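**Student:** Sharing a structure here in structure tokens format.
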Amino acid sequence: LPFARVSDSDVAFFEQVMPGRVITNPEELKPFNVDWLKSVRGCSKLVLKPRTTAEVSQVLRYCYERNLAVNPQGGNTGLVGGSVPVFDEIILSTVLMNRIISFDKVSGILVCQAGCILEKLNEYLEEQGFIMPLDLGAKGSCHIGGNVATNAGGLRLLRYGCLRGTVLGLEVVLADGSALDCLASLRKDNTGYDLKQLFIGSEGTLGVITAVSVLCPQKPKAVNLAFLGCQSFAKVLETFTTCRAMLGEILSAYEFMDEKCMELVERHLKLSSPVTGNPFYVVIETSGSNSAHDEEKLNNFLEQAMTSGLVTDGTVATDEKKIKARNQRGTWFIEICLVCQMLWSLRERITEALTHDGYVYKYDISLPVGRLYDLVTDMRVRLGRSAKNVVGYGHLGDGNLHLNITAESYSHSLLDAIEPFVYEWTARHNGSISAEHGLGFKKKQFIQYSKPKEAVFLMQRLKAMLDPKGILNPYKTLPS
């Protein structure tokens, strides 16, 4: 697109706005120009690190007048090429916008800058007796602003919902540099259009999120984790139905993964699974306020799951005591110990294990729960030996499948066999081509598989209204 190129005078202006926080050194620029998967790479010659909303406003006002394209970037953990430049766009990093502005212990409302790292926020809140409503495998590096910009889901969505429901307000700088202060800390505000929803999930194409107000739940007093083995995906589904009925309000996560995922985690990361020999595995988390009540519920569920044959084996982690359960084959010992982190690692580090297996083709989609694994099966048949591994895992409680295909190296013919078949299959079964991470650069041309043309046209009109010059995160989200 016909954007201006960065000149020496532009660099001088930015140095004046934020002295010492303008990066032009080619070596320092490298990590900002490539995504986490190392699958897309830009060639930006300039990274800016503002600390305040006022500085972001100055930068965007200048870029708007000069017609300079800008790529907002948080923790750069996205998987669809949405957080790095396509060409030489200026990278606007929120890495130094990491200040917690306020926290109300009565309401549980946190207000913070967009560059706060998710894990750091959770650590801060835990000291106050609260937690973030969002938990991700990338929590150690992702920024809350990026989470909001992509409407991240994660491991706690089943219990606390998506960010669209827990974000109460935003502060956003628009393309022309004007700051929109909708940083409300009220749970109920029914005055006109809910403007924050425009920017949640907009992937930095409508404005740059600089601060967030989010409703945080109290930290559960009792947390239990069960890692179970199932002999078929039908059993995984039936276990979920039973689990939801028997655990009710204390169920906070229900994750599944296939045996190929476990093989890769064990081979590449040297992690050991306490349960082996099953085609599928399930991670169940409960969170509540009464440990005795929660343990009784979990115990009853495990007893039912074992005696009915839904689950063949399993282990449970908590910090309380040891429990015994019985199944048809005799006594099943559930060892209770401090291994929650290890069990979660088996699920959370699958993405990392896949990167060690070769080039990865990643698809993060939503499907009706009953058809969730059918796509993995069909893709294995379609690709045959042309793929190294085809694996499936994800948030079953939310109908979110992570389909991953690995190969020794990138192959255009393999990509042609996958796309658009994967999107056509998803659309045919009433799914969404992006459950998390957004559309970014990689999926923007496939939006029609999930949205009617009228909706896409309206999105384009909104983009043109809020960013008439198209300088914000160009070449992303919406089709050309």
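**Student:** What is the number of the single condition among (1) at pLDDT below 95; (2) in contact with a helix residue (DSSP H, G or I) (Cβ under 9 Å, 6 or more places away or on another chain) that Ile405 does not meet?
**Tutor:** (1)
**Student:** If I ask for residues that are free of Cβ contacts under 8 Å to residues at least 60 places away in the same chain, more than 29 Å from Lys442 (Cβ to Cβ) and not polar (S, T, N, Q), which ones from segment 1-41 would you list?
**Tutor:** Hits for segment 1-41 are Asp8, Asp10, Val11, Ala12, Phe13, Phe14, Glu15, Val17, Met18, Pro19, Gly20, Val22.
**Student:** Return the residues of segment 444-480 that are modelled with pLDDT of 95 or more, open to solvent by less than 50 Å² (accessible area, probe 1.4 Å), of a type outside the set (Asp, Glu) and assigned to a loop (DSSP other than H, G, I, E, B); say none if nothing qualifies.
**Tutor:** Once the filter is applied, which keeps residues that are modelled with pLDDT of 95 or more, open to solvent by less than 50 Å² (accessible area, probe 1.4 Å), of a type outside the set (Asp, Glu) and assigned to a loop (DSSP other than H, G, I, E, B), segment 444-480 yields Ser450, Gly470, Ile471, Asn473, Pro474, Tyr475, Lys476, Thr477, Leu478.
**Student:** While we're on this one: Going by the structure shown, is Asp181 modelled with pLDDT of 90 or more, acidic (Asp, Glu) and within 14 Å of Ala114 (Cα to Cα)?
**Tutor:** Working: modelled with pLDDT of 90 or more: yes; acidic (Asp, Glu): yes; within 14 Å of Ala114 (Cα to Cα): yes.
Considered against the rule, which asks whether it is modelled with pLDDT of 90 or more, acidic (Asp, Glu) and within 14 Å of Ala114 (Cα to Cα), Asp181 comes out as yes.
**Student:** Between Glu303, Glu296, which is modelled with pLDDT of 85 or more, assigned by the TED database to the domain that holds Ala245, over 33 Å from the mean Cα position of the chain (by Cα) and not in a strand (DSSP E or B)? Give the derivation first.
**Tutor:** Values: Glu296 fails: over 33 Å from the mean Cα position of the chain (by Cα).
After ruling out the rest, the residue left standing is Glu303.
**Student:** Give the residue that is surrounded by the fewest Cβ atoms within 10 Å (Cβ to Cβ), with candidates limited to residues of segment 85-119 that are more than 29 Å from Lys188 (Cβ to Cβ) and among the charged types (D, E, K, R).
**Tutor:** Residue satisfying both the conditions and the ranking: Glu119.
**Student:** Of the numbered conditions (1) over 24 Å from Leu439 (Cα atoms); (2) part of a loop (DSSP other than H, G, I, E, B), Ser345 fails exactly one; give the number of that condition.
**Tutor:** So the condition that Ser345 fails would be (2).
**Student:** Then there is this: Name the residue that is surrounded by the fewest Cβ atoms within 10 Å (Cβ to Cβ), counting only residues in segment 47-74 that are in contact with a strand residue (DSSP E or B) (Cβ under 8 Å, 6 or more places away or on another chain) and over 26 Å from Cys112 (Cα atoms).
**Tutor:** Leu68
**Student:** For segment 365-375, state whether one or more residues are touching an Asp or Glu at 6+ places or on another chain (Cβ under 8 Å), outside the structural domain of Ala253 (by the TED database), under 20 Å from Lys139 (Cα atoms) and not in a loop (DSSP other than H, G, I, E, B).
**Tutor:** no
**Student:** Suppose we keep only residues that are without any contact (Cβ under 8 Å) to a residue 60 or more places away in the chain and open to solvent by 10 Å² or more (accessible area, probe 1.4 Å) within segment 384-406. Which one would you say is nearest to Cys243 (Cα to Cα)? If you could, list the steps in order and put the result at the bottom.
**Tutor:** From segment 384-406, those without any contact (Cβ under 8 Å) to a residue 60 or more places away in the chain are 384-388, 399, 401-406; that's our starting set.
Right, trim to open to solvent by 10 Å² or more (accessible area, probe 1.4 Å) and you get 384-388, 402.
Working: Gly384: 35, Arg385: 37, Ser386: 38, Ala387: 35, Lys388: 34, His402: 22 Å.
Among residues in segment 384-406 that are without any contact (Cβ under 8 Å) to a residue 60 or more places away in the chain and open to solvent by 10 Å² or more (accessible area, probe 1.4 Å), the one nearest to Cys243 (Cα to Cα) is His402.
**Student:** Which of the residues belonging to segment 70-119 are assigned to a strand (DSSP E or B) and closer than 30 Å to Lys219 by Cβ? Give the derivation first.
**Tutor:** Pass one, segment 70-119, residues assigned to a strand (DSSP E or B): 70-73, 90-93, 100-104, 109-113, 117.
Scanning segment 70-119 gives Ile100, Ile101, Ser102, Phe103, Asp104, Ile109, Leu110, Val111, Cys112, Gln113, Ile117.
**Student:** When you scan segment 75-118, how many residues do you find that are over 16 Å from the mean Cα position of the chain (by Cα), under 19 Å from Cys63 (Cβ atoms) and among the aliphatic types (A, V, I, L, M)?
**Tutor:** 8
**Student:** Which residue out of Ala353, Ala417, Ala427 is outside any strand (DSSP E or B), touching a residue at least 40 places away in the same chain (Cβ under 8 Å) and surrounded by 15 or more Cβ atoms within 10 Å (Cβ to Cβ)?
**Tutor:** Unique residue meeting the criteria: Ala353.
**Student:** Any idea which of Leu1, Leu37, Leu79 is open to solvent by 40 Å² or more (accessible area, probe 1.4 Å), at pLDDT below 95 and of a type in the set (A, V, I, L, M)? Step through it out loud before you land on a result.
**Tutor:** Numbers: Leu37 fails: open to solvent by 40 Å² or more (accessible area, probe 1.4 Å); Leu79 fails: open to solvent by 40 Å² or more (accessible area, probe 1.4 Å).
Only one candidate qualifies: Leu1.
The values are calculated or read from the model by the stated rules, or taken from the named source; none is laboratory data. Small disclaimer: the values here were computed from a predicted structure and weren't measured. Positions of Cβ are backbone-derived with ideal geometry, glycine not excepted, and every protein chain shown enters the neighbour counts. Surface areas here come from the heavy atoms of the whole protein model, side chains and all, with no ligands, DNA or RNA. Shrake-Rupley method; radii C 1.70, N 1.55, O 1.52, S 1.80 Å.
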